Amino acid sequence: MTETKTTKNIQVIALTGGPCAGKTTAASYIQNYMTKLGWYVIFVDEAATQQISNGFLPTMMSEADFQSMIINTQYQKEEIAKQAAEHIAGYDNILIVCDRGICDNQAYMSNGTYLRLIQKYFNTTKSEVMGRYGAVFHLVTAADGAEEFYTLGNNSARSETPEQARELDRNTRNCWIGHPHLRIIKNDCNFEQKLQNLLKEISQFLGVPQPYEVERKFLIKMPKLKKLEALPNCQRVEIAQTYLQNEDEFERRIRQRGFDGGYIYTETTKHPTPDPAIRIETERRLTQSEYLDLMMQADPALQTVRKTRYCLDGPDGKYLELDVYPFWKNQAILEVELVNAQDEIQFPDFITVIREVTEDDSYKNHALAASVPSEES
């Protein structure tokens, strides 16, 4: 999986979800909305539906052989889209929308089979495969919350009952747990509003009109980590965050992030706004060599912050990130990114909130890098 140098702003996102979630209609909305904002949109259609429609049925071959074909098809289609994006004239901003991504295939096989396949064909890890996509937007199946609209009529490759659709939706969502920009689009509103919510999330990720990060942060009691790791919708991620020397007022950092031996690297800058819960954030991917070069610019007054992050989706579908630091035994930090800072948050029953610390600078990673903090009494 090679990275291509380019002067264009090429963003790749995955649009995923359970059966009858609205992805086809959503693609049309994305096309119209992003075109009006000056973006050129390329779509990579779903590999599984294409191959099944062509007559290659899962029942005709082994699970591993069928999924190998789907993964290879998906990979080739994505690479062609990236190459095409490099040569499109007249557009600096290009959005590649993948109708499902390679990680979706894990929902149809055992975890061991999936890991063997990506190692065999790509010589890489699950974390690095996730890193192919800048953001992932999961549309929840209509069978979960909008049952009256669930239908099999608009996709000849679909055969799931509502119960099977809900299970497949959960399994598909779990395949992406651990991605830094996973957003769940639920059916807690009408379909038109659901699609508008999707566009808001995409806009926030792309920085249209500005890349706002809306985040709330909570100090919580340390949960039982073994119980947390046993959850099917939880992924443990290792993070090392280093702050760079900077004379301006904005914050500049680099991060190594991954699991199972695979890592992705990013550089992030954050500008403050009058609202402490909102910052203007820009981010770019780095190669490993670029990351190591930037480490030479590390601020000597700040230590590298190392933490273990547990990513999981909450009861209300919001993506939760629980950070465990090596210098605390009795407490941890829970972060929630939102479209609106005033959105209500439902916490899992195993989370005990001590207090909100969104506006408390002493709990920001930059402050934690300055000195080893003590436990609260």
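Determine the order of Y263, Y75, Y319 by accessible area, beginning with the largest, at a probe radius of 1.4 Å.
Largest to smallest exposure gives the sequence Y263, Y75, Y319.
What lysines could a cross-link reach from K82, if we take a straight Cα to Cα line under 16 Å and drop same-chain neighbours fewer than 8 places away?
Excluding near neighbours in sequence, the set is K5, K8.
Which FRET efficiency value, to the nearest 0.05, do you get for D293 and E238 by plugging their Cβ-Cβ distance into 1/(1 + (r/R0)^6) with R0 = 25 Å?
Calculated transfer efficiency: 0.70.
Does anything in region 87-126 have its amide N under 17 Å from the 7 Å Cα→Cβ label point of I80, and if so which residues?
Answer for region 87-126: 87-88, 96-102.
What nm distance separates the two modelled labels at N9 and F149, each placed 7 Å from Cα along Cα→Cβ?
3.1 nm
Fully extended, how many nm does the chain gain between A370 and T358 (0.36 nm per residue separation, minus their Cα-Cα distance)?
Gain on extension, A370 to T358, equals 2.5 nm.
Give me the distance in nm between label points sitting 7 Å out from Cα along the Cα-to-Cβ direction at D275 and A27, one decimal.
In this crude label model, D275 to A27 measures out at 3.4 nm.
Report, to the nearest whole %, how much of the accessible area of region 1-128 belongs to carbon and sulfur atoms, 1.4 Å probe, protein only.
Solvent-exposed carbon and sulfur of region 1-128 make up 51 percent of the total.
Can you give me the Cα centroid spacing of region 49-77 and region 94-148 in angstrom?
Centre-to-centre (Cα) distance: 15 Å.
Pick from I102, I220, I351 the residue whose mean-square fluctuation is largest in a GNM of the chain, springs joining Cα atoms under 10 Å.
Residue with maximal mean-square fluctuation among I102, I220, I351: I351.
Which value, to two decimals, describes the C-alpha radius of gyration of region 94-138 once divided by 2.2 N^0.38 Å?
Ratio of Rg to 2.2 N^0.38 Å for region 94-138: 1.20.
Quick check on region 177-253: what does the Kirkwood estimate of hydrodynamic radius come out to from the alpha carbon pairs, in Å?
By the Kirkwood definition, the hydrodynamic radius is 16.4 Å.
In Å², and per residue, what accessible area does the chain have when probed at 1.4 Å with the other protein chains present?
Solvent-accessible surface per residue comes out at 48 Å².
In a solvent-free Debye calculation with one equal scatterer on each Cα, what is log10 I(q)/I(0) for region 43-106 at q = 0.15, 0.20 Å⁻¹, listed in the order of the q values?
Normalising to I(0) and taking log10 leaves -0.51, -0.77.
Over the chain, with a Gaussian network built from C-alpha contacts below 10 Å, which listed residue (Y91, Y291, Y325) shows the highest mean-square fluctuation?
Among Y91, Y291, Y325, the largest GNM mean-square fluctuation belongs to Y91.
Using the Kirkwood formula over every pair of different C-alpha atoms, what hydrodynamic radius in Å results for the chain?
It is 21.9 Å.
Mind jotting down a quarter of the surface of the convex hull over the alpha carbons of region 290-377, in square nanometres, one decimal?
It is 7.5 nm².
Computing the accessible area with a 1.4 Å probe over protein heavy atoms, can you report the carbon and sulfur percentage for region 190-334?
Within region 190-334, the accessible surface is 49 percent carbon and sulfur.
Restricting to the chain, compute how many DSSP beta bridges are antiparallel as a %, nearest 5.
Looking only at bridges with both residues in the chain, the antiparallel portion is about 70 percent.
What dipole magnitude, in Debye to the nearest 20, does the chain give about its Cα centre under +1 on Lys/Arg Cβ and -1 on Asp/Glu Cβ?
Rounded to the nearest 20 debye, it is 720 debye.
If you take the charge dipole of the chain about its Cα centre, with +1 on Lys and Arg Cβ and -1 on Asp and Glu Cβ, which of Q331, I354, Y75 is farthest toward its positive end?
Of Q331, I354, Y75, it is Y75.
With a 1.4 Å probe and all protein chains in place, put F347, F122 in order of accessible area, largest first.
F347, F122
Using DSSP H assignments, which helices in the chain have an axial alpha-carbon span of 24 Å or above and a mean Kyte-Doolittle hydropathy of -1.0 or higher?
Length and hydropathy pass: 63-87.
So what does the Cα-only Debye profile of region 85-220 read at q = 0.10, 0.11, 0.18 Å⁻¹, as log10 I(q)/I(0), no solvent term?
The Cα Debye sum returns log10 ratios of -0.44, -0.53, -1.24.
Taking 22 Å as R0, compute the FRET efficiency from the Cβ-Cβ separation of M60 and T113 and round it to 0.05.
Once the sixth-power term is evaluated, E becomes 0.80.
Between T124 and E163, what FRET efficiency comes out of the Förster formula 1/(1 + (r/R0)^6) with R0 = 30 Å and r the beta carbon distance, rounded to 0.05?
Once the sixth-power term is evaluated, E becomes 0.30.
Cut-off under 18 Å on the C-alpha distance; same-chain residues fewer than 8 positions from K270 excluded. Which lysines are left, in chain and number order?
In chain and number order, the partners are K217, K364.
Residue separation times 0.36 nm, minus the C-alpha to C-alpha distance between R285 and D343: what's the value?
Value of the extension gain: 17.9 nm.
What Rg and what Dmax come out for region 225-286 when only alpha-carbon atoms are used, in angstroms?
Just the Cα atoms of region 225-286 yield Rg and Dmax of 15.2, 44 Å.
The values are calculated or read from the model by the stated rules, or taken from the named source; none is laboratory data. Remember, predicted model here, so these are calculated numbers, not experimental data. Don't worry about glycine lacking a Cβ; one is built from the backbone with ideal geometry, like all the others, and counts go over all protein chains shown. Heavy atoms of the whole protein, side chains included, go into the accessibility calculation; ligands, DNA and RNA do not. Shrake-Rupley method; radii C 1.70, N 1.55, O 1.52, S 1.80 Å.
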